[in-house]
Amino acid sequence: MACRPALPAFPAHPGISRAGVLRARSVILQLCAVSLLILLVLPSFVSAQQPDLPGIAVAGFEMFEKAGADSAIAVWLRGTSMDTPATRASLAQGFARMAEQTGRMVGYDVVRVLAVGSHVRRVYAVLHYGRGPAYLYLELSRTPNDWITQSVQFNAAPEQVFPSGLLTPA
């Protein structure tokens, strides 16, 4: 036997018909169903959003556009164990070779920010040069004071920098 709430005695109030009561009940049930659906879907939608882009990534991209690769390298490496003359020189030479082939960097697009736990972000970006793109990967970690860079990789071939799942259309 199915549970069915009893309808109020007919008429519940003068001027409200049985059809009106049934219509009101139907609307209430529809609102409950929509509310339940929102409560079930909203958390998965929110968790599917990209994590915030750490400021160190943005600052480096902006410095790259305004002042060139050396300034971006200085921002990205500041305060890290990677901040050595050899690492700076290696990155600067690589970006210089890229500029020789493709021109000056004129903009960028952040393709994806991936949270690896609560203290690591992987940033995948396309650097727009005058004659073609380059693909960049930054791995950042949160310290008690700020975000710092753990790895910088870039290449003209996206498959050398981006994971394969990021290169296939959704």
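The values are calculated or read from the model by the stated rules, or taken from the named source; none is laboratory data. Computed from a predicted model, the values in this text were never measured in an experiment. For neighbour counting, all protein chains shown are included, and Cβ atoms are generated from backbone atoms with ideal geometry for every residue, glycine included. Protein only, heavy atoms only, side chains kept; ligands, DNA and RNA dropped before computing areas. Shrake-Rupley method; radii C 1.70, N 1.55, O 1.52, S 1.80 Å.
Could you check how many residues of the range 136-157 are of a type outside the set (S, T, Y) and in contact (Cβ under 8 Å) with a residue 24 or more places away in the chain?
Number satisfying all stated conditions: 11.
When the residues of the range 90-143 are filtered to those that are part of a loop (DSSP other than H, G, I, E, B) and of a type in the set (K, R), which remaining residue is surrounded by the fewest Cβ atoms within 10 Å (Cβ to Cβ)?
Taking the candidates together, the pick is R131.
When G107 is evaluated against the numbered criteria (1) in contact with a helix residue (DSSP H, G or I) (Cβ under 7 Å, 6 or more places away or on another chain); (2) more than 23 Å from T143 (Cα to Cα); (3) modelled with pLDDT of 95 or more, which criterion, by number, is the only one it fails?
For G107, the failing item is (3).
Modelled with pLDDT under 95 and either assigned to a strand (DSSP E or B) or hydroxyl-bearing (S, T, Y) (or both), is that true of V152?
Taking the combined requirement at face value, the residue does not satisfy it.
Looking only at the range 49-69, count how many residues are closer than 19 Å to H128 by Cβ and surrounded by fewer than 15 Cβ atoms within 10 Å (Cβ to Cβ).
Total satisfying the criteria: 4.
Can you pull out the residues in the range 144-157 that are open to solvent by 30 Å² or more (accessible area, probe 1.4 Å) and hydrophobic (A, V, I, L, M, F, W, C)?
W147, I148, F154, A156
Suppose we filter the range 50-75 for residues that are over 18 Å from M98 (Cα atoms), part of a helix (DSSP H, G or I) and in contact (Cβ under 8 Å) with a residue 24 or more places away in the chain; how many remain?
Going through the range 50-75 one residue at a time, the tally reaches 3.
Of all residues in the range 89-142, count the ones that are basic (K, R) and under 17 Å from M63 (Cα atoms).
Qualifying residue count, the range 89-142: 1.
Report whether or not L166 is surrounded by 14 or more Cβ atoms within 10 Å (Cβ to Cβ) and either assigned to a strand (DSSP E or B) or at pLDDT 95 or above (or both).
It is false that L166 is surrounded by 14 or more Cβ atoms within 10 Å (Cβ to Cβ) and either assigned to a strand (DSSP E or B) or at pLDDT 95 or above (or both).
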